[in-house]
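Enquirer: Sharing a structure here in structure tokens format.
The values are calculated or read from the model by the stated rules, or taken from the named source; none is laboratory data. Here the structure is a predicted model, which is why all the values come from computation and not from measurement. Backbone-built Cβ (ideal geometry, glycine too); neighbour counts: all protein chains shown.
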There are 2 protein chains.
Amino acid sequence: MHKITIIGLGQIGASMGTDLRGKFAGVEIVGHDKEPEVAGKARKKGAIDRTSYTLPSAVEDAAIVIVAVPVESVREVLGSIAPHLSPGAIVTDVSSTKTRVLEWAEELLPESVEFVGGHPMAGVETPGVEGAQSGLFERATYALIPLGRTSPKAVETVVNLVQVLGAKPFFLDPQEHDSLVAAVSHLPIALSITLMQTVSHAPSWREMSRLAAGSFRDVSRLASGSPAMHADIFSTNRETVLLWIDRFQEELQALRTLVEKGGPALRSHLDEAYEARYAWLRGRVGESEADAAFADVPTAGEQTLTVFAGERLVRAARRLDDRKKRRGRGG
Amino acid sequence: MHKITIIGLGQIGASMGTDLRGKFAGVEIVGHDKEPEVAGKARKKGAIDRTSYTLPSAVEDAAIVIVAVPVESVREVLGSIAPHLSPGAIVTDVSSTKTRVLEWAEELLPESVEFVGGHPMAGVETPGVEGAQSGLFERATYALIPLGRTSPKAVETVVNLVQVLGAKPFFLDPQEHDSLVAAVSHLPIALSITLMQTVSHAPSWREMSRLAAGSFRDVSRLASGSPAMHADIFSTNRETVLLWIDRFQEELQALRTLVEKGGPALRSHLDEAYEARYAWLRGRVGESEADAAFADVPTAGEQTLTVFAGERLVRAARRLDDRKKRRGRGG
């Protein structure tokens, strides 16, 4: 009997369990949450096969450990499980910033353990185990950030997991990941929060709030995310977030100037934004041949070592090599 | 047979027709669109009883004329229909900025015709007649901005229409309206557009776009609105939009400073935004007694002149009087 352990049974952890359970013959999905009540709920929902009430027993003999806790708790969890992991165990996480997480993994996990950072680009508004659902990762991009020392076999195993979830693996460097998500995920959080602050600080907010409808609801939605998580994202990805706030301010200033002047330049600016979003929605951005090899994952039937070794893994391994080389030069 | 005419059979106009049809005995809903094909579609969808192919014939003998065209076309339409309106006809519009529209109505419509500006705070992403649907205005706030000279009876009639649509009338001055919607509706548009510009101008946009998920989709959504409509909003409500962009820039700078410093001040800023949105979602903002009288509209059974004359209309009339007095002072 093989064992996959999920630590943290919130929306992401419990959704993963739901879609991993019963997909592999002879594999048991074990769940742990610091709140036993949450673990109980996850089991009742069918997200895990059984619960394990202590971290050491949860990870003992596990082939794969998925750390699905908020980023500020990742360091503590890695430290706690490190002495209890079996040699060859593969550890992965799901948190939204990666540079710090990779540093912690390198620092805290023994050499005998593999680590592949992960970040599924999926989620729904309802937080916690209540928001867990089957199909959450279907067609989502799933960023994978292996440690420099990770073996191709461990990477392959995590790629397999991701594909079983229906998601699309996308390999990145940790800094690359953090810069990209700062723009498309953390900057939008800053904007939602700032929109809420701007309107709610206005003396006319009471009347204004009655005119606020669907467009306000969408653009302000992320202000309803967990403040603890947001504080965490902003502190673990500070420099990159600041950079993107600066770029946004420049762009907003550019729009301001155009609104002030009016005329055809404003109109073509608006057209440009419209077309950029249209292209994004249609998935036209990023469709170069080089990327397509990473994006178009094989179907379940093709998930064999040959396929991976023949194509994807070679590329992933090449990236890892490059990174090691760069690191070697840097040190 | 009384006649209600809807000019412009896009999402808003056709949705109104759908929910007004058959609600009044002896009333016919006539539709006009500059594109006969659109008018045909609206009729097929059951949004109107019949189409009228010219503006003069469309408004001839109409008791109520609903101008549901984009704001840049309102002036032209008002000018075209003015000579053909019957004395006592009530004209209303649905456009998203009001100061200019009220000026045009005052300038172009004969004294014998009543005008009540309107702005339903509702809409879906699908533009045009294809996006029209029953129930679109259900529980939506519906801003009403009468001309200074409008009779209480005309205001009452429009309030009745709004209530038949299931929406909640909310009386405002035109400048007040434009300032409030600039914050909760036009500023979000500027933010969505600027988010799209910021990311799509980045050299890494191609890779970034694959990590963009639900949170990016929501905050950038308004960039997919009609660029013509946005250009129009920004030009007819320029000064107020600029003011709100400036306020937003200041607030974003405040967040930037807090992100840079980190610590408890950042956290309480994030908590504040979270709580402000929670309060808004729960409808706690604006629940003062004075406002409640305007917000809690009577049910269909109570829609009698007595109710209006006894309460709501008195308040509306008082507002109109105040505005006239202010105007008198100003002139």
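Enquirer: Could you run through the stretch B:202-235 and say how many residues are more than 7 Å from every other protein chain (Cβ to nearest Cβ) and either assigned to a helix (DSSP H, G or I) or more than 21 Å from the chain's Cα centre (by Cα) (or both)?
Expert: Pass one, the stretch B:202-235, residues more than 7 Å from every other protein chain (Cβ to nearest Cβ): B:203, B:217, B:225-226, B:228-229, B:232-233.
Among the residues that remain, those that are also either assigned to a helix (DSSP H, G or I) or more than 21 Å from the chain's Cα centre (by Cα) (or both) are: B:203, B:217, B:228-229, B:232-233.
Summing the residues that are more than 7 Å from every other protein chain (Cβ to nearest Cβ) and either assigned to a helix (DSSP H, G or I) or more than 21 Å from the chain's Cα centre (by Cα) (or both) in the stretch B:202-235 gives 6.
Enquirer: I'm told B:Leu191 meets every condition in (1) in contact with a Lys or Arg (Cβ under 9 Å, 6 or more places away or on another chain); (2) in a helix (DSSP H, G or I) except one. Can you identify the failing condition by its number?
Expert: (1)
Enquirer: Continuing with this model, one more query. Tell me, which residue of the stretch B:237-257 that is free of Cβ contacts under 8 Å to residues at least 24 places away in the same chain and more than 7 Å from every other protein chain (Cβ to nearest Cβ) is surrounded by the most Cβ atoms within 10 Å (Cβ to Cβ)?
Expert: Out of the qualifying residues, it is B:Ala254.
Enquirer: Moving on. Just to be sure before I move on: is A:Thr92 over 20 Å from A:Leu55 (Cα atoms) and not acidic (Asp, Glu) in the structure I sent? I'd like the intermediate steps shown before the answer.
Expert: Values: over 20 Å from A:Leu55 (Cα atoms): no; not acidic (Asp, Glu): yes.
So A:Thr92 does not fit the description; no.
Enquirer: Please enumerate the residues belonging to the stretch A:120-145 that are touching a Lys or Arg at 6+ places or on another chain (Cβ under 9 Å), of a type outside the set (Ser, Thr, Tyr) and not in a loop (DSSP other than H, G, I, E, B).
Expert: A:Val129, A:Glu130, A:Ala143, A:Ile145, listed by residue number.
Enquirer: If the requirement is being of a type in the set (Lys, Arg), modelled with pLDDT of 95 or more and not assigned by TED's automatic domain parsing to the domain that holds A:Ala122, which of these qualifies: A:Arg206, A:Arg247, A:Arg210? Walk me through how you get there before you give the answer.
Expert: Values: A:Arg206 fails: modelled with pLDDT of 95 or more; A:Arg210 fails: modelled with pLDDT of 95 or more.
After applying the criteria, what remains is A:Arg247.
Enquirer: Now for a different question. Kindly provide the set of residues from the stretch A:272-296 that are in a helix (DSSP H, G or I) and modelled with pLDDT under 85, ordered by number.
Expert: First pass over the stretch A:272-296, keeping only residues in a helix (DSSP H, G or I): A:272-281, A:289-295.
Those that are in a helix (DSSP H, G or I) and modelled with pLDDT under 85: A:Glu289, A:Ala290, A:Asp291, A:Ala292, A:Ala293, A:Phe294, A:Ala295.
Enquirer: Would you pick out the residues in the stretch A:200-256 that are polar (S, T, N, Q) and closer than 17 Å to A:Ala190 by Cβ? Break it down stepwise before answering.
Expert: Residues of the stretch A:200-256 polar (S, T, N, Q): A:200, A:204, A:209, A:215, A:220, A:224, A:226, A:235-237, A:240, A:249, A:253.
A:Ser200, A:Ser220, A:Ser224, A:Ser226, A:Ser235, A:Thr236, A:Asn237, A:Thr240, A:Gln249, A:Gln253, listed by residue number.
Enquirer: When the residues of the stretch B:131-146 are filtered to those that are in contact (Cβ under 8 Å) with a residue 40 or more places away in the chain and farther than 12 Å from B:Asp93 by Cα, which remaining residue is surrounded by the most Cβ atoms within 10 Å (Cβ to Cβ)?
Expert: The selected residue is B:Ala132.
Enquirer: List pairs: first in the stretch A:115-128 and more than 12 Å from every other protein chain (Cβ to nearest Cβ), second in a strand (DSSP E or B) and aromatic (Phe, Trp, Tyr), Cβ under 9 Å, 6+ apart or cross-chain?
Expert: A:Gly118/A:Tyr142
Enquirer: Looking at B:Gly148 and the list (1) in a helix (DSSP H, G or I); (2) more than 15 Å from the chain's Cα centre (by Cα); (3) under 22 Å from B:Val71 (Cβ atoms), which single condition is not satisfied?
Expert: Unmet for B:Gly148, out of (1) in a helix (DSSP H, G or I); (2) more than 15 Å from the chain's Cα centre (by Cα); (3) under 22 Å from B:Val71 (Cβ atoms): (1).
Enquirer: Please indicate, with yes or no, whether at least one residue in the stretch B:300-308 is modelled with pLDDT of 50 or more and either over 24 Å from the mean Cα position of the chain (by Cα) or not hydrophobic (A, V, I, L, M, F, W, C) (or both). Walk me through how you get there before you give the answer.
Expert: In the first step, residues of the stretch B:300-308 are kept if they are modelled with pLDDT of 50 or more; the result is none.
No: the stretch B:300-308 contains no residue that is modelled with pLDDT of 50 or more and either over 24 Å from the mean Cα position of the chain (by Cα) or not hydrophobic (A, V, I, L, M, F, W, C) (or both).
Enquirer: Considering (1) free of Cβ contacts under 8 Å to residues at least 12 places away in the same chain; (2) in contact with a Pro (Cβ under 8 Å, 6 or more places away or on another chain), say which one A:Ser204 fails and leave the rest.
Expert: Every listed condition holds for A:Ser204 apart from (2).
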